[in-house]
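Peer 1: Please see the structure below; I have some questions.
What follows draws every value from the coordinates through simple rules; no lab data is involved. Everything quoted here is computed from the prediction, not taken from an experiment. FYI the Cβ positions are ideal-geometry reconstructions off the backbone, even for glycines, and counts take in every protein chain you see.
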């Protein structure tokens with residue numbers, strides 16, 4: 001078992017076809033096969049071997065695709081890190097993963113350099129776009145490493161339970177945690193993408209604008225398997241994205257709802273030729289039925305939705321284009337509030353607190369079991385145990401109901417996590433930062449409805465007696481210590497926070513004030 005074999009096949013079948021497009025760069029399938037072989041041989045020469053962990057810190061760029069292919073060939077474990085993490089979050093993740101090597105883009109070189117002495121296990125820092133300053137600081141030149149390396153195909157035999165990826169996601173403890181995705185998990189994900197999400201052919205062009213270190217990246221191997229051209233973008237800019245769709249005749253794309261909202265609000269969308277699109281897949285956070293209808297009016301009958309997590313190695317529930325059209329025809333309009341039905345090998349059920357399936361229309365927790373479910377959290381056995389019930393079901397924390405056809409409708413979250421723009425955010429992490437400010441006596445962070453982001457972070461604060469502070473000051477305070485997407489978008493000041501009969505803070509009661517009049521407590 002090795003994805004490297006699939007790339008070798010694709011390179012023979014489509015040698016001159018573009019595998020990756022990025023700005024003015026074109027990487028053919030033959031070049032991707034050769035470049036990934038060279039990197040694999042170079043890393044092997046450095047002494048890296050099967051099971052070693054290698055981190056990537058970079059925004060979207062072709063080198064990430066090359067690196068992922070090389071890692072699979074050598075049996076290395078990819079440590080996927082979001083380039084939007086704050087320096088402290090990045091250091092926490094690198095300390096936890098303890099990689100032997102780290103491949104870094106120019107934008108993040110100073111950050112990694114500053115923490116290098118506190119990462120004793122990191123032997124090699126490899127720089128893309130090498131400079132003289134990098135040489136003086138002890139970095140290795142990525143281009144020089146691979147220039148003299150062999151392009152001969154290389155791969156090692158891997159087992160289904162071999163670790164493939166450490167997928168970092170925010171934790172309820174306020175720290176990042178890594179979902180351990182195995183080769184078997186990733187192979188199952190490949191099958192799901194091909195069979196359900198994006199059954200493609202070699203004429204397809206897939207646009208990826210979200211971080212390919214995370215959800216968007218889970219499509220890559222399935223796309224390369226089918227000879228698809230991957231169009232990479234390193235930032236979401238509505239005019240640029242629409243121009244790219246028209247210029248490259250993009251047939252498929254994956255976006256979080258916030259991105260779709262941004263496109264719908266872009267005036268130039270009215271003049272762009274988007275007729276090449278046959279699939280616009282969205283996920284990572286809910287999308288309101290009203291916005292889905294608005295998107296259908298612009299993009300046509302091409303919408304599909306997926307539901308999943310890093311712990312399930314991508315989507316396990318799918319609302320197909322046909323399901324959307326069924327709703328638009330009025331046959332079952334409530335489907336626009338559903339995330340879909342279980343797909344492929346994934347077992348997905350809605351269970352009550354005793355672990356029994358709920359009756360139709362009742363609310364329970366979405367639970368998942370199958371070959372796509374992760375192996376646990378890296379170096380966190382207690383968190384791993386808490387993630388599963390006694391029968392091996394992964395507890396997602398999402399509360400939902402299920403209808404007689406198996407369609408699942410998410411209504412709330414058992415966990416306190418909120419999702420804004422496709423990113424998971426945990427209130428306790430932000431509250432811990434706010435508590436450091438001298439003016440804050442107590443703070444409660446919640447998600448409140450927002451038409452563009454689904455929900456956004458709001459801090460409700462009780463200040464210390466006699467201390468005045470502006471909302472913007474607290475927002476800036478958080479921004480300095482957290483990733484930008486985690487900072488509060490607004491701050492309300494109150495004299496006291498609601499509590500239950502045991503004297504514990506009642507986040508649910510506080511949220512209710514902002515969600516009144518809505519059928520769902522997610523947006």
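Peer 1: Taking neighbour counts of Cβ atoms within 10 Å as a proxy for exposure, in what order, fewest first, do 410, 194 appear?
Peer 2: Neighbour counts put them in this order, fewest first: 194, 410.
Peer 1: Also: When you have a sec, figure out the Kirkwood radius of the chain from all distinct Cα pair distances and drop it here in Å to one decimal?
Peer 2: After inverting the pairwise mean of 1/r, the radius is 24.1 Å.
Peer 1: Okay, next question. Only counting other Cβ atoms within 10 Å, I'd like 63, 117 sorted with the fewest neighbours first.
Peer 2: Least to most surrounded, the residues fall as 117, 63.
Peer 1: Suppose R0 equals 45 Å. What FRET efficiency, 1/(1 + (r/R0)^6) with r the Cβ-Cβ distance, do residue 325 and residue 389 give to the nearest 0.05?
Peer 2: Taking R0 as 45 Å, the efficiency between residue 325 and residue 389 is 0.80.
Peer 1: Stretched out fully, how many nm does the piece from residue 26 to residue 148 gain, at 0.36 nm a residue minus the Cα gap?
Peer 2: Here the segment from residue 26 to residue 148 would lengthen by 41.8 nm.
Peer 1: Find the relative contact order for segment 373-452 and round it to a whole percent, using C-alpha pairs within less than 8 Å whose residues are 6+ positions apart.
Peer 2: That works out to 15 percent.
Peer 1: I would also like to ask the following. Which semi-axis lengths, in whole Å and largest first, follow from the square roots of five times the eigenvalues of the Cα gyration tensor of segment 174-274?
Peer 2: Rounded to whole Å, the semi-axes are 26, 19, 10.
Peer 1: Test of understanding: express the Cα radius of gyration of segment 316-440 as a ratio to 2.2 N^0.38 Å, with N the residue count.
Peer 2: Cα-based Rg divided by the globular estimate yields 1.26.
Peer 1: Let me ask something else. Assuming 0.36 nm per residue, please report the length gained on full extension of the stretch residue 347 to residue 161 beyond their Cα-Cα distance.
Peer 2: Extra length from residue 347 to residue 161 when fully extended: 65.0 nm.
Peer 1: With an 8 Å cut-off on Cα pairs and a minimum separation of 6 or more residues, tell me the relative contact order of the chain in percent.
Peer 2: Dividing the mean separation by the residue count of the chain yields 12 percent.
Peer 1: Rank these for me by crowding, 219, 477, going from fewest to most other beta carbons within 10 Å.
Peer 2: 477, 219
Peer 1: Kindly rank 100-108, 385-393 from highest to lowest mean number of other beta carbons found within 10 Å of each residue.
Peer 2: Top of the packing list down: 100-108, 385-393.
Peer 1: Based on the Cβ-Cβ distance from residue 136 to residue 467, what FRET efficiency comes out when R0 is 56 Å, to the nearest 0.05?
Peer 2: 0.75
Peer 1: Report the label-to-label distance for residue 415 and residue 278 in nanometres (one decimal), using points 7 Å from each Cα along the Cα→Cβ vector.
Peer 2: Modelled inter-label distance: 3.6 nm.
Peer 1: Mind checking the full-extension length gain between residue 476 and residue 405? Use 0.36 nm per residue of separation minus the Cα-Cα distance, one decimal, nm.
Peer 2: So the chain would gain 20.8 nm between residue 476 and residue 405.
Peer 1: Only residues of segment 40-81 count here: report those whose backbone N is under 15 Å from the spot 7 Å along Cα→Cβ of residue 240, or say none.
Peer 2: Counting only backbone N, you get 59-62.
Peer 1: Obtain the radius of gyration and the Kirkwood radius of segment 25-136 from its C-alpha atoms and give Rg over Rh.
Peer 2: In segment 25-136, Rg relative to Rh is 0.95.
Peer 1: Could I ask something else about it? So if R0 is 22 Å, what FRET efficiency would residue 492 and residue 428 give, r being the distance between their Cβ atoms, rounded to the nearest 0.05?
Peer 2: After rounding, the FRET efficiency stands at 0.75.
Peer 1: Let me ask you something else. Give me the one-decimal Kirkwood hydrodynamic radius in Å for segment 368-523, with the sum taken over alpha-carbon pairs.
Peer 2: 17.5 Å
Peer 1: Please state, as a whole number in µm²/s, the translational diffusion coefficient that the Stokes-Einstein equation yields for segment 4-43 at 37 °C and 0.692 mPa s, with Rh defined as the Kirkwood radius across alpha carbon pairs.
Peer 2: In µm²/s, the coefficient is 319.
Peer 1: Residues in segment 446-476 near a label at residue 505, defined as backbone nitrogen under 13 Å from the 7 Å Cα→Cβ point?
Peer 2: Zone members listed by number: 446-447, 458-463.
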